[in-house]
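*Asks:* One structure follows; several queries about it will come next.
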Amino acid sequence: MTIPQYEAATVTDRPSVNINAPTSGWGAQDAPHAAGTPVMALKDVSVFYGTYEAVRGTSMPIRQNQITAMIGPSGCGKSTILRSLNRMNDLVPGARVAGSVTYHGQDLYAKDVDPIQVRRRIGMVFQKPNPFPKSIFDNVAYGLRINGLKDNLSDRVEEALVGAALWDEVKDKLKMSGLALSGGQQQRLCIARTIAVRPDVILMDEPCSALDPIATGKIEDLMHELAKTYTIVIVTHNMQQAARVSHYTSFFTAEVDDKQVRHGRLVEFNETGRIFTNPSDKRTEDYITGRFG
Ligand SMILES: Nc1ncnc2c1ncn2[C@@H]1O[C@H](COP(=O)(O)OP(=O)(O)OP(=O)(O)O)[C@@H](O)[C@H]1O
């Protein structure tokens, strides 16, 4: 396995962020670090569903204001690892995370860390656009209201819709149901809902797989814009998409053990240009050249 080393010290030595402290500002403002420094780090992370070890031994950094893509064949544990980054696996009965996931140097899984605050700082956009059956305005205001961020609600909703490149299309119909929008607009509405609470990191689980090429292009353009403010991790089945949008890429595969059980493994993590032009591992090369997967 080829995983270039990175300096964990750059994460752990940095000033601490109190994950549990509710904030009304940008998460990144709490820890104004230069683009490219690791904001999160996985070290030897394995995720279990009951006794089944779905992914084993994953180590990689997630760098500030960069887009990190996770690619690999179906069932190799990309979504499982993505969900471990904001404790979404806590919601799956029997799921357990071993190893260390840190956010600004703090253990995300420490007993005193509040998973609700974790998910506010590390937001998530899902594969299928999932607006609530509420108005466009209320969809975006939802997270603000439940986090008690009720000041300047209209301004914040507008700011989020502008940030999600949806404002011009919906500014005259904010009371219309979010469900009445097109699929691509719904996904941008979900992105607006996610950024309204000003997270630090945005996790995206195949955000374009239900969208047509034009809507996909808009989300990809938006990701470039969002990366100026946020750190983004995206799971994608689409290698061209990973090559187009991401700065770093991790390639996962599934290994079969002696008992014929499949376990996801991170094969290679590197700058996206390297992964797609000069991968270190033969398995990565075979995958990106379409020889398997
Ligand atoms: N809730 C769950 N309970 C039990 N096993 C699960 C659960 N979720 C995922 N798995 C298993 O964990 C392994 C990794 O699944 P995961 O969805 O993370 O892979 P993936 O690489 O994201 O796949 P895909 O690209 O098809 O979405 C698979 O064997 C899957 O069946």
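*Asks:* Ignoring everything except DSSP H segments at least 4 long, calculate the 222 nm mean residue ellipticity for the chain; use -39,500 (n - 2.57) per segment, divide by total residues, nearest 500.
*Replies:* Estimated from H runs of four or more residues: -9000 deg cm²/dmol.
*Asks:* While we're here: Which trypsin sites (Lys or Arg not before Pro) does segment 251-286 hold that lie in a coil by DSSP with at most 12 other beta carbons within 10 Å?
*Replies:* Sparse-neighbourhood loop trypsin sites (Lys or Arg not before Pro): Lys259.
*Asks:* While we're looking at this one, here's another question. Indicate, rounded to the nearest 5 percent, the antiparallel portion of the DSSP beta bridges found entirely in the chain. Show your work: numbers first, answer last.
*Replies:* Details: 28 of 48 bridges.
Counting only bridges with both partners in the chain, antiparallel ones make up about 60 percent.
*Asks:* Accessible area per residue for segment 160-293 in Å², computed with a 1.4 Å probe and the full protein assembly in place, what is it?
*Replies:* Per-residue value: 43 Å².
*Asks:* What percent of all Cα-Cα pairs in the chain falls into each 10 Å bin, going from 0 up to the bin containing the maximum distance?
*Replies:* Percent of pairs per bin, in order: 6, 29, 35, 23, 7, 1, 0.
*Asks:* May I ask for the distance between the Cα centers of segment 194-240 and segment 96-123, given as a whole number of Å?
*Replies:* 22
*Asks:* Bin all alpha-carbon pair distances of segment 177-293 at 10 Å intervals from 0 and give each bin's fraction as a whole percent.
*Replies:* With 10 Å bins starting at 0, P(r) equals 12, 38, 30, 16, 4, 0.
*Asks:* Anything over 22 Å Cα to Cα? Flag those among Lys78/Lys228; Lys78/Lys134; Lys134/Lys171; Lys43/Lys128, in the order listed. Provide the component values of the computation, followed by the final result.
*Replies:* Values: Lys78/Lys228 24 Å; Lys78/Lys134 31 Å; Lys134/Lys171 16 Å; Lys43/Lys128 30 Å.
The pairs that break the limit, which is 22 Å between Cα atoms, are Lys78/Lys228; Lys78/Lys134; Lys43/Lys128.
*Asks:* Please express the shape of segment 94-243 as an equivalent ellipsoid: the semi-axes are the square roots of 5 times the eigenvalues of the C-alpha gyration tensor, given largest first in whole angstrom. Walk me through the numbers on the way to the answer.
*Replies:* On the way: eigenvalues 129, 84, 35 Å².
Equivalent-ellipsoid dimensions as semi-axes: 25, 21, 13 Å.
*Asks:* Considering only protein heavy atoms and a probe of 1.4 Å, how much of the accessible area of the chain is carbon and sulfur, as a whole percent?
*Replies:* On the way: 6400 of 12760 Å².
The nonpolar share, carbon plus sulfur, comes to 50 percent.
*Asks:* Hey, if you drop one equal point scatterer on each alpha-carbon of segment 77-155 and run the Debye formula without solvent, what base-10 log of I(q)/I(0) do you get at q = 0.14, 0.15, 0.18 Å⁻¹?
*Replies:* -0.60, -0.68, -0.89
*Asks:* Next question, about the same structure. Extension gain Ala35-Val261, at 0.36 nm per residue separation less the Cα-Cα distance, in nm?
*Replies:* Extending this stretch completely gives an extra 77.4 nm.
The values are calculated or read from the model by the stated rules, or taken from the named source; none is laboratory data. This structure is a prediction, so every number in the text was calculated from the model and none was measured. Cβ: placed from backbone, ideal geometry, glycine included. Neighbour counts: every protein chain shown. Remember, those area values only see protein heavy atoms, side chains included, never the ligands or the DNA or RNA. Shrake-Rupley method; radii C 1.70, N 1.55, O 1.52, S 1.80 Å.
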